[in-house]
Amino acid sequence: AQSVTQLGSHVSVSEGALVLLRCNYSSSVPPYLFWYVQYPNQGLQLLLKYTTGATLVKGINGFEAEFKKSETSFHLTKPSAHMSDAAEYFCAVSDRGGGNKLTFGTGTQLKVEL
Amino acid sequence: GAVVSQHPSWVICKSGTSVKIECRSLDFQATTMFWYRQFPKQSLMLMATSNEGSKATYEQGVEKDKFLINHASLTLSTLTVTSAHPEDSSFYICIAGDTGSGEQYFGPGTRLTVT
């Protein structure tokens, strides 16, 4: 069975500071890994995903994540936080093969302060 | 990109009534549909997986007689919450799996409030 652990249910950063949201996964097979963002009262939007190839993945809005197999991690980063980045972020994992179910982490609420 | 629609986007119903939520893939064939629910301030939890033309597979703890899922065509899946109660109030999200492209496409979600 797959699982995802997001360390820190709440993260607060200053505007312009580095954003680091942590995600560790457990999977018996090489996984697909995803980060999603959810703004209040809205659905989820894909930020980025790792399937194969380069382990550093760049996504929308300046976010990127690095797949580290040895650490079973897929942490999300952004060099400089913006007020508009305040939202809930979810890490998710699925089996390889495509079109398979997603298992979500518990989410991290990012707060950006002036 | 591929689009998945959900209808209604929000619904308020009285306790004891049934509510049907539709999930449509607009420009691709969704061989698999995943139904999730999200309680306030919580993560998405998988309720069931449905494949076109076959019975849905429910996750442990999800009552199949209460949450009826029908996936009669490759573009439409429905979730019916029967005899809804206030504790069923939640955000319901469908995710369509396209085995052709290997992608998952999210519906925008349906917010159900049971009074």
Practice task
May I ask you to list the residues in the stretch A:79-114 that are more than 19 Å from A:Pro31 (Cβ to Cβ) and surrounded by fewer than 17 Cβ atoms within 10 Å (Cβ to Cβ)?
Solution key: A:Pro79, A:Ser80, A:His82, A:Met83, A:Ser84, A:Gln109, A:Lys111, A:Glu113, A:Leu114
Exercise for the section: Please enumerate the residues belonging to the stretch A:30-63 that are surrounded by fewer than 16 Cβ atoms within 10 Å (Cβ to Cβ), in a strand (DSSP E or B) and aliphatic (A, V, I, L, M). Expected result: A:Leu56
Completion exercise
Restricting the stretch A:14-29 to residues that are assigned to a strand (DSSP E or B) and touching an Asp or Glu at 6+ places or on another chain (Cβ under 7 Å), the one surrounded by the most Cβ atoms within 10 Å (Cβ to Cβ) turns out to be A:Val19
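Quick check on the stretch B:29-36. Is at least one of its residues under 14 Å from the mean Cα position of the chain (by Cα) and away from chain A (no Cβ under 11 Å)? Let's see the steps before the verdict.
Applying the first criterion (under 14 Å from the mean Cα position of the chain (by Cα)) to the stretch B:29-36 yields B:30, B:32-36.
Pick out the ones that are also away from chain A (no Cβ under 11 Å) and you get none.
No, the conditions are met nowhere in the stretch B:29-36.
Report yes if some residue within the stretch A:101-114 is away from chain B (no Cβ under 11 Å), closer than 16 Å to B:Ile95 by Cβ and touching a residue at least 40 places away in the same chain (Cβ under 8 Å); otherwise report no.
no
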Handout entry: strands (runs of 3 or more DSSP E) wholly inside chain B that include at least 2 residues being of a type outside the set (S, T, N, Q) and either out of contact with any Asp or Glu (no Cβ under 8 Å at 6 or more places or on another chain) or buried (at least 16 other Cβ atoms within 10 Å of the Cβ) (or both)
Key = B:10-13, B:19-25, B:32-38, B:44-51, B:67-73, B:76-81, B:90-98, B:103-106, B:110-114
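The rows are residues; the columns are (1) closer than 19 Å to B:Phe39 by Cα; (2) within 15 Å of the chain's Cα centre (by Cα); (3) of a type outside the set (A, V, I, L, M); (4) at pLDDT 95 or above.
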| position | (1), (2), (3), (4) |
| --- | --- |
| B:Lys55 | no, yes, yes, no |
| B:Phe67 | yes, yes, yes, yes |
| B:Ala72 | no, yes, no, no |
| B:Thr80 | yes, yes, yes, yes |
| B:Ile93 | yes, yes, no, yes |
| B:Ala96 | no, yes, no, no |
| B:Gly100 | no, no, yes, no |
| B:Tyr105 | no, yes, yes, no |
| B:Arg111 | yes, yes, yes, yes |
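The values are calculated or read from the model by the stated rules, or taken from the named source; none is laboratory data. Bear in mind that the values here come from a model prediction, so they are computed numbers and not experimental data. Cβ: placed from backbone, ideal geometry, glycine included. Neighbour counts: every protein chain shown.
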